[in-house]
Structures are given as C-alpha cells and as structure tokens.
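The values are calculated or read from the model by the stated rules, or taken from the named source; none is laboratory data. Source: prediction; values computed, not measured. Every residue, glycine among them, receives a Cβ derived from its backbone with ideal geometry; neighbour counts consider all protein chains shown.
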Amino acid sequence: MKRLPDLPLELKALATAILIFAGLAVLMGYAYIVGAHLGTEGGYGFHVEDIAALYTGPGVSTVTLISLAHIHLLGLLSVFSIIGFIFVHSTLATGWRIGLSVLPFLAFLIDVSSWFLTKFVSINFVYLVIAGGATFISTLGLMILISLYDLWLGRRTMTA
C-alpha cells in the first residue's frame, strides 16, 4: 500500500482537495449547531438544554428522529469513508491508523443512539449526544490534519 508522501502529485492534489472540502463540510455542520442556538437562553453560546430540545421538543416525533438518523448515517458514511480511506495511507503506526479511522463511526453511533435515548429514556443522555458529536468531529479534524501533513511534508519512503 502506498503511503501518502509517496503518492504522485496529481493524487496528492486530489486528496488535498477532498480533505479540505470534507473538512469545510464538517465545520459548516458544527457552525450550524452553534449558530442555530446562539443566545437562545438569553446569552451567548449554546446550552445542554438547547441540544436536548432538538430531541425532546414538541415538534420532534419518532418519525422525525428516524428520518434525521437515516439522512445523517448515509451522509456521514461517505464523509467518514473518504477521509478514512485517505488517512489509512498515512505514515502513522498501524494501530493508530485503525483506531482513528474507526473512531468516527463508533462515536457517531453513540451520538445517534443517544438521540433516541434522550427522547425516550432520560434527558441526561444528551451528554452522550454531545460527547459522540465532539469525538467524531475532533477525530475527523485530526485525521484531516495528519493526512495533509503527510501528503505534503511527510518523508518519502520510495526511491525514484
């Protein structure tokens, strides 16, 4: 398997464009969450209650949650897979590549499961929603940064 530093220039350029585009998409999702709740409790930022209201509010039916889960699972599958595919070609040790490439999938499963737990079991599961979301977003960011570093500044292992 070729490592990122050893890729030809055209693949490095394509991988860079993909990573930047995917990173911007993830950042826009995060910005939406923050912006949609900015000051809803009379102050700045968002609060745990705001996040919980997304899953327990009066207009949030079971069908709505299922629909949102379906859309998010399918959409993030491609984001996680593409970033993960690029990342597993990094020069990190195998254990790190495996762990970090799988972590967004696990974290998002915790996130989505917690939507339903927050609605039907206890509002306190909202903390798992936050932890799952924060984990998959930060892991994706780390994978993108490591991949970009490796693409352009990593040490080549192959001889010309």
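Show me the helices (runs of 4 or more DSSP H) entirely contained within the range 24-127 in which 1 or more residues are surrounded by 13 or more Cβ atoms within 10 Å (Cβ to Cβ) and touching a Pro at 6+ places or on another chain (Cβ under 6 Å). Fully inside the range 24-127 and qualifying: 62-87. Within the range 56-81, being over 18 Å from SER138 (Cβ atoms) and under 18 Å from the mean Cα position of the chain (by Cα) holds for LEU68, ALA69, HIS70, ILE71, LEU73, LEU74, GLY75, LEU77, SER78, SER81.
Looking only at residues in the range 82-119 that are small (Gly, Ala, Ser) and more than 13 Å from SER147 (Cβ to Cβ), the one that is nearest to the chain's Cα centre (by Cα) is ALA107. Under 30 Å from ASP6 (Cβ atoms), aliphatic (A, V, I, L, M) and touching a residue at least 60 places away in the same chain (Cβ under 8 Å) - does that describe any residue in the range 132-139? Among the residues of the range 132-139, at least one is under 30 Å from ASP6 (Cβ atoms), aliphatic (A, V, I, L, M) and touching a residue at least 60 places away in the same chain (Cβ under 8 Å), which makes the answer yes. Consider the range 130-156 and keep the residues that are touching an Asp or Glu at 6+ places or on another chain (Cβ under 6 Å) and modelled with pLDDT under 95. The one that is farthest from VAL112 (Cα to Cα) is ARG156.
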